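Before any comments, here is the structure.
Taken together, the values in this text are just the output of simple stated rules run on the coordinates, not laboratory data. This is a predicted model, so every value here is computed, not measured. Cβ placement follows ideal geometry from the backbone for every residue including glycine, while neighbour counts extend to all protein chains displayed.
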Amino acid sequence: MTGMRLCVACGMPMKTAADFAMGDTEKDYCVHCARTDGSMQSYGEKAASLAAFLVMTQGLDGGAALEAAKGMMTRLPAWKGVGGIA
């Protein structure tokens with residue numbers, strides 16, 4: 001693999017095969033956005049996991065974290081036109 005790609009679902013830089021879902025560099029989403037079967041998480045699943053990450057790392061309360069997560073997701077290719085995002 002050459003270069004770095006960004007996860008379409010969370011924006012994480014994917015530099016090595018271990019960063020990609022199931023280690024598959026053909027996928028356009030990262031290990032953190034994949035379900036155990038390798039498929040990409042739904043909008044709701046990703047919003048919830050990103051909100052939990054923000055609670056843990058930024059100390060936000062759950063509601064504020066969910067709103068922040070949804071705001072961040074509006075800029076990501078995977079969520080254009082999903083979950084009320086234009």
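Only residues that are of a type outside the set (G, A, S), part of a loop (DSSP other than H, G, I, E, B) and under 23 Å from L54 (Cα atoms) were counted across the range 1-14, and they come to 4.
Report yes if A47 is under 22 Å from G81 (Cα atoms), out of contact with any strand residue (DSSP E or B) (no Cβ under 7 Å at 6 or more places or on another chain) and surrounded by 18 or more Cβ atoms within 10 Å (Cβ to Cβ), otherwise no.
Judged against the criteria, A47 is a match.
Across the range 1-13, the qualifying residues are those that are farther than 15 Å from M73 by Cα and touching a residue at least 12 places away in the same chain (Cβ under 8 Å), and the one among them that is surrounded by the most Cβ atoms within 10 Å (Cβ to Cβ) is R5. Restricting attention to the range 15-44, the residues that are under 12 Å from A78 (Cβ atoms), part of a helix (DSSP H, G or I) and out of contact with any Gly (no Cβ under 6 Å at 6 or more places or on another chain) total 1. Restricting T25, T16 to those that are without any contact (Cβ under 8 Å) to a residue 24 or more places away in the chain and among the polar types (S, T, N, Q) reduces the list to T16. Scanning the range 45-64 for residues that are of a type in the set (A, V, I, L, M, F, W, C) and either part of a loop (DSSP other than H, G, I, E, B) or at positive phi (or both) yields a total of 1.
Select, from A65, A78, the only residue that is more than 14 Å from C7 (Cβ to Cβ), small (G, A, S) and surrounded by 12 or more Cβ atoms within 10 Å (Cβ to Cβ).
Values: A78 fails: more than 14 Å from C7 (Cβ to Cβ).
Within the list A65, A78, the selection yields A65.
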